[in-house]
Amino acid sequence: MGTLDASRSGITGFIEKGSAMSHATNQPCIISVAITGSVPRKKDNPAVPISIPEQVESTHEAYEAGATLVHLHVRDEEERSSSDRSSFATLQEGIRKHCPDIIIQFSTGGRGRSFEQRGAMLDLRPDMASLATGSVNFPTTVYENPPDFVRTLAQTMLDHDVKPEIEIFDLAMLYSTVDLVQQGLLKEPVHVQFVMGVKNALPARREILEFEVAQLQRLLPSATWTAAGIGRHQLEVNYWTLEMGGHCRTGLEDNVRWDKDTLAKSNAQLVERVAKLCGEYGRPVATAKQARELLALKPAA
Ligand code: ZN
């Protein structure tokens, strides 16, 4: 750890002894890759995979580089965010063929999709799907997740045996998650992702992450967690997460750049960097089998 600079390793006072840091040992780290998203276009970075063959290939390369969970959106021919069920089906089939044990996670995110469309592909039974447990402002829009809709989506995931990844864009969503567990709409152990650095939502500040993790561990002790930093915060959040014992997310959905001056070459390039960092922090990169065990998912078919 001697090579780490102060900004990466400075611990503030939020983490109590026996909570987050006691887990920050050598637990394998699950690397998630968010390959496409709903925002970046080819004009932002030509490496963003848009067509289904591009998405399958990009996932395969990222898997070879160490990613064991892939977070998926689909697009239409004009690169717009889509909800097309048959695209999700074809994509899932292609990925299963080339990366049989990778954990497949569909996005139920909002941009350009109606409430009804957002859960309409869950009967395809991906391993996981994203579930935001509240509403929040995004840079120019409201990310709308009214209570009834959240409950319906959670119930649909239960019905199809799809494990949610809870997306925490704002602090209240953490406490709504606890309510959903108490109402029987979420099964434990839950898996939570803290999203940091979306303009108008939670900023990427380490103290916030430490507070969120400490609250999660107090309220839902069996939960697993990861964090995603958006844009220029991506790598910084990876450092914090590795050090605090969480899992990591990277990929072109959240950040199309390699550094300030260069575009990332591929999703795999971003995954390779995180895999290398895991070594630096004494965290083995989780295999797909380990990732499934850590998240209490069924073994690959
Ligand atoms: Zn997404």
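Things to note:
- Picking from residues in the stretch 126-138 that are within 13 Å of the ligand (Cβ to nearest atom) and aliphatic (A, V, I, L, M), the one that is nearest to residue 295 (Cα to Cα) is 128.
- Filter pass, residue 141 being among the hydroxyl-bearing types (Ser, Thr, Tyr), more than 13 Å from the ligand (Cβ to nearest atom) and buried (at least 17 other Cβ atoms within 10 Å of the Cβ): no
- Tally, over the stretch 37-78, of residues that are in contact (Cβ under 8 Å) with a residue 60 or more places away in the chain, farther than 19 Å from residue 117 by Cβ, in contact with a Gly (Cβ under 9 Å, 6 or more places away or on another chain) and within 13 Å of the ligand (Cβ to nearest atom): 1
Condition check ((1) charged (D, E, K, R); (2) in a loop (DSSP other than H, G, I, E, B); (3) closer than 30 Å to residue 161 by Cβ; (4) free of Cβ contacts under 8 Å to residues at least 12 places away in the same chain) across all residues:
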{"residue": "254", "(1), (2), (3), (4)": "yes, yes, yes, no"}
{"residue": "261", "(1), (2), (3), (4)": "yes, yes, no, yes"}
{"residue": "270", "(1), (2), (3), (4)": "no, no, no, no"}
{"residue": "279", "(1), (2), (3), (4)": "no, no, no, yes"}
{"residue": "283", "(1), (2), (3), (4)": "yes, yes, yes, no"}
{"residue": "292", "(1), (2), (3), (4)": "yes, no, yes, no"}
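- Of all residues in the stretch 107-125 being within 13 Å of the ligand (Cβ to nearest atom) and touching a residue at least 40 places away in the same chain (Cβ under 8 Å), the one that is farthest from residue 293 (Cα to Cα): 112
- Among the residues of the stretch 84-106, the ones that are part of a helix (DSSP H, G or I), away from the ligand (no atom under 16 Å from the Cβ) and not acidic (Asp, Glu) come to 8 in all.
Throughout, read-outs are computed from the coordinates displayed, never taken from laboratory work. The structure displayed is predicted, hence computed values, not measured ones. Neighbour counts run over all protein chains shown; Cβ positions are idealised from the backbone, glycine included.
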